[in-house]
Amino acid sequence: MAHCLQVPITNYSLSPWEVLRQGAGGMAGIQFDTTNLENQCRDWHLRPQALERWATVWMAGIAAEKIIYGEAQGGNGDRQQLRQAFRRAGLPEIKLNQKESWAFLQAKNLLEQHRQAHGQLQQALAQRRSVEECRYLLAQQLGEPTASSN
């Protein structure tokens with residue numbers, strides 16, 4: 001999802017133990033470059049697309065679990081980030097559920113649209129491929145130009 005929406009990925013981990021070994025705080029999952037997040041999402045009225053893109057990425061793990069397993073057990077941290085970002089951007093509290101549902105549906109639709117690429121990515125992650133290898137694989141699966149095809 002992050003690749004499709006041009007949200008920069010810096011690393012990933014598949015277990016809490018890997019997170020500790022990498023020296024990163026938090027839980028297992030995808031680590032993003034959030035350097036520009038605050039600037040992109042500062043004012044909801046000025047930049048709704050940037051915040052909606054991040055919201056879709058945050059909901060992607062929940063959507064993937066729902067598609068693959070029929071239910072999502074994780075994702076509380078992602079939901080919390082989404083809600084916190086919308087609050088900081090000035091979105092009224094009453095609209096948070098609506099935006100969360102919208103982001104979930106966007107993520108679900110994109111995952112279903114790119115089911116084969118998602119499956120290939122899951123295999124690459126299980127094989128502990130590098131972020132760059134995963135980017136290249138996704139670019140091939142999605143028909144995007146790659147450095148070697150330029």
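Observations, loosely collected:
- Summed over region 93-103, the residues that are open to solvent by less than 40 Å² (accessible area, probe 1.4 Å) and under 16 Å from the mean Cα position of the chain (by Cα) give a count of 3.
- Contacts under 6 angstrom Cβ, first residue in region 50-63 being of a type in the set (Ser, Thr, Tyr), partner part of a helix (DSSP H, G or I), 6 or more apart: Thr56/Ala103; Thr56/Gln106; Thr56/Ala107
- Of all the residues in region 78-92, those that are touching a residue at least 40 places away in the same chain (Cβ under 8 Å) and open to solvent by less than 40 Å² (accessible area, probe 1.4 Å) number 4.
- Once region 105-129 is narrowed to residues that are open to solvent by less than 50 Å² (accessible area, probe 1.4 Å) and free of Cβ contacts under 8 Å to residues at least 24 places away in the same chain, the residue that is farthest from Gly61 (Cα to Cα) is Ala124.
- Test for Glu71: is it acidic (Asp, Glu) and surrounded by 12 or more Cβ atoms within 10 Å (Cβ to Cβ): no
The values are calculated or read from the model by the stated rules, or taken from the named source; none is laboratory data. Note that the structure is predicted; figures quoted are calculated from it, not measured. For neighbour counting, all protein chains shown are included, and Cβ atoms are generated from backbone atoms with ideal geometry for every residue, glycine included. What goes into the accessible areas is simple: the full protein's heavy atoms, side chains included, and nothing from ligands, DNA or RNA. Shrake-Rupley method; radii C 1.70, N 1.55, O 1.52, S 1.80 Å.
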